[in-house]
Amino acid sequence: MKPPLVVGNWKMHGAESEARRLARRIRRGSGRMRGVEIVLAPPFTALHEVRRVARGSRLALGAQDVHWEAQGAFTGEISPQMLAEAGCSFVIVGHSERRRLFHESNQIVTQKLSAALLSGLRPILCVGETWEERRTGKTMRVIAGQLGTALKGLEKSAIEKVEIAYEPVWAIGTGRNATADQASEVHLRIRSLLKELAGTRIAAGCRILYGGSVRPDNAAELSRAREVSGALVGGASLKAEDFLAIVRCFVP
Ligand code: 13P
């Protein structure tokens, strides 16, 4: 059984000195939080600095996005190999902000996912419905579509290495989190989709994180929800004490 996983997605925050300060505080505060895996995903430009601070600690490094080619004429892009070399062991793939603001299709997400796996990175695959989709009863269909396209071509052994993050788009940055029941309902569906794709044993070993307005005051309840094996935290990961309070809720 894998330990719970808590990821801080710093998004486009954290100039070098800020990133150093934040990572140091998190390092200091997380020393005794055993039994939970903690990942910091700063902007690309702060990876080096956060890697330096995290060295020898229990913190792992993640990136927020990746390109699918190893190298080439792709101005502005970063390859999986480059991320691995920069010390990343995780990478977020298919975040709704990438899908929505940068027009990433399910197809692109699939390519990124496969490329990340080939380079030995652990992808954190984000799925989630908009409010309109939830309101009109399409949540499960949307999730099944996103998950199915992304994982379809993968070997079962590769699916085991993918972390899934359920992030309802309407809960991201809005202060309006999914309730524990709403999260569980979707996580259970994701678990059964994983069973269909990879079999019971592999599906049982996959972690399904919840993301979307996770805060210190709702993390305990969400951490106890059925099938929730961790959290993907945005805004609250920018304050060390808030992020640490969230991590503490997931310590077994
Ligand atoms: P917030 O925690 O700020 O809602 O962001 C969630 C998120 O998008 C993490 O990837």
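Observations on the structure shown:
- The requirement of being in contact with a Cys (Cβ under 7 Å, 6 or more places away or on another chain), part of a helix (DSSP H, G or I), within 16 Å of the ligand (Cβ to nearest atom) and touching a residue at least 12 places away in the same chain (Cβ under 8 Å) is fulfilled somewhere in the stretch 83-97, by at least one residue.
- For first residues located in the stretch 171-199 and farther than 13 Å from Arg226 by Cα and open to solvent by less than 10 Å² (accessible area, probe 1.4 Å), partners that are away from the ligand (no atom under 13 Å from the Cβ) and not in a helix (DSSP H, G or I) and lie 6+ apart or on another chain with Cβ distances below 6 Å form the pairs Leu194/Cys206.
- Among the residues examined, Val228 qualifies as β-branched (Val, Ile, Thr), within 21 Å of Gly62 (Cβ to Cβ) and touching a Phe, Trp or Tyr at 6+ places or on another chain (Cβ under 6 Å).
- Annotation: of all residues in the stretch 152-170 being in a helix (DSSP H, G or I) and away from the ligand (no atom under 16 Å from the Cβ), the one that is most open to solvent (accessible area, probe 1.4 Å) is Lys156.
- Some residue of the stretch 180-196 being basic (Lys, Arg) and at pLDDT below 95: no
- Evaluating Glu133 against the criteria (1) more than 12 Å from the ligand (Cβ to nearest atom); (2) under 21 Å from Arg98 (Cα atoms); (3) surrounded by 22 or more Cβ atoms within 10 Å (Cβ to Cβ) leaves one unmet condition, (3).
- Flag if Ala144 is assigned to a helix (DSSP H, G or I) and out of contact with any Pro (no Cβ under 8 Å at 6 or more places or on another chain): yes
- Of the residues making up the stretch 100-130, those that are within 16 Å of the ligand (Cβ to nearest atom), surrounded by 13 or more Cβ atoms within 10 Å (Cβ to Cβ) and not aliphatic (A, V, I, L, M) number 8.
- Single condition Glu241 does not satisfy, out of (1) within 15 Å of the ligand (Cβ to nearest atom); (2) closer than 30 Å to Gly14 by Cα: (1)
- Residues in the stretch 16-54 that are assigned to a loop (DSSP other than H, G, I, E, B) and either within 21 Å of the chain's Cα centre (by Cα) or among the acidic types (Asp, Glu) (or both): Met33, Arg34, Gly35, Val36, Pro42, Pro43.
- Going through (1) within 16 Å of the ligand (Cβ to nearest atom); (2) open to solvent by 40 Å² or more (accessible area, probe 1.4 Å) one by one, Gly230 falls short only on (2).
- Count - residues of the stretch 216-227 that are within 15 Å of the ligand (Cβ to nearest atom), surrounded by fewer than 21 Cβ atoms within 10 Å (Cβ to Cβ) and free of Cβ contacts under 8 Å to residues at least 40 places away in the same chain: 2
- Which listed residue is among the aliphatic types (A, V, I, L, M) and modelled with pLDDT under 95, from Leu83, Leu154, Leu117, Leu125: Leu154
The values are calculated or read from the model by the stated rules, or taken from the named source; none is laboratory data. All values reported here derive from a predicted model rather than from experimental measurement. As a convention, Cβ positions derive from the backbone with ideal geometry for all residues, glycine included, and neighbour counts pool all protein chains shown. These area figures cover heavy atoms from the full protein model, side chains too; ligands, DNA and RNA do not enter into them. Shrake-Rupley method; radii C 1.70, N 1.55, O 1.52, S 1.80 Å.
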